[in-house]
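**Q** Once you've had a glance at the structure underneath, I'll fire off some questions.
The values are calculated or read from the model by the stated rules, or taken from the named source; none is laboratory data. Remember, it's a predicted structure, so these values are computed and weren't measured experimentally. Virtual Cβ from ideal backbone geometry, glycine too; neighbours counted across all protein chains shown.
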Amino acid sequence: MDTSTISANTVSGRAPSDDSITVDSDGGPAEPYAIAKHIGGRVRLRRTRLGLSQQELADRIGLSWQQVQKYEHGVNRLVGSRLWDISCALECPVEWFFEGLQQDGGTLAVTERNTDDALPDEEAELLVKAYWAIDNSKVRNRFRALMDIISGAETDTAQA
């Protein structure tokens, strides 16, 4: 594979420095940034499922909402201790943020399952919030079954 070296700060939009990362010949993100984006997406998914704003999460971990946003977009990578703080604030195990990553010959590759968990846009985010706002689990299950039928992705739940 043909690789080239670029400044890490160019990727993150910060001022130039001597830091460098390796990217593939297609100009795709280097693995550390792909992993940061995956973990950030999982932070956003969990936060959204709990109905928390970026500000509310930031308050729980003692950061600004802008920093939470940078973590969620993979602009800044999370260190272990900060990921621990976030997992405690979002009431989930640390390993949950790594679900969907697979060890593959020394590199981490995003699996298809991860794309199902990603929130593609604001509309999907609102739909998830509305779904989790339904207090009655039977109503939630019927709603999910209806959505499965409409989308053509019927599951065992839809047939129950």
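**Q** I'd like the full set of residues that are among the hydrophobic types (A, V, I, L, M, F, W, C) and assigned to a helix (DSSP H, G or I), limited to region 30-64. So that I can check it myself, show each step before the final result.
**A** Of all residues in region 30-64, those among the hydrophobic types (A, V, I, L, M, F, W, C) come to 30, 34-36, 39, 43, 45, 50, 52, 57-58, 61, 63.
Listed by number, the residues that qualify are A34, I35, A36, I39, V43, L45, L57, A58, I61.
**Q** Still on this structure: For M147, all conditions in the list (1) surrounded by 10 or more Cβ atoms within 10 Å (Cβ to Cβ); (2) at pLDDT 70 or above; (3) closer than 21 Å to H38 by Cα hold save one; what is the number of the exception?
**A** M147 satisfies every listed condition except (3).
**Q** Right, here's the next one. Working only within region 73-95, note down all residues that are farther than 13 Å from I61 by Cβ and touching a Pro at 6+ places or on another chain (Cβ under 9 Å).
**A** G74, R77
**Q** Which residue pairs have Cβ atoms under 8 Å apart, sit 6 or more places apart or on different chains, and have a first residue in region 123-136 that is outside the structural domain of L50 (by TED's automatic domain parsing) and a second that is in a helix (DSSP H, G or I) and of a type in the set (A, V, I, L, M, F, W, C)?
**A** Y131/F143; I134/F143
**Q** Just checking, how many residues over region 36-68 are within 16 Å of D85 (Cβ to Cβ), β-branched (V, I, T) and more than 8 Å from the chain's Cα centre (by Cα)?
**A** So the count comes out to 2.
**Q** Do we find that S87 is over 15 Å from the mean Cα position of the chain (by Cα) and either hydroxyl-bearing (S, T, Y) or under 16 Å from L101 (Cβ atoms) (or both) in this structure?
**A** In short, no.
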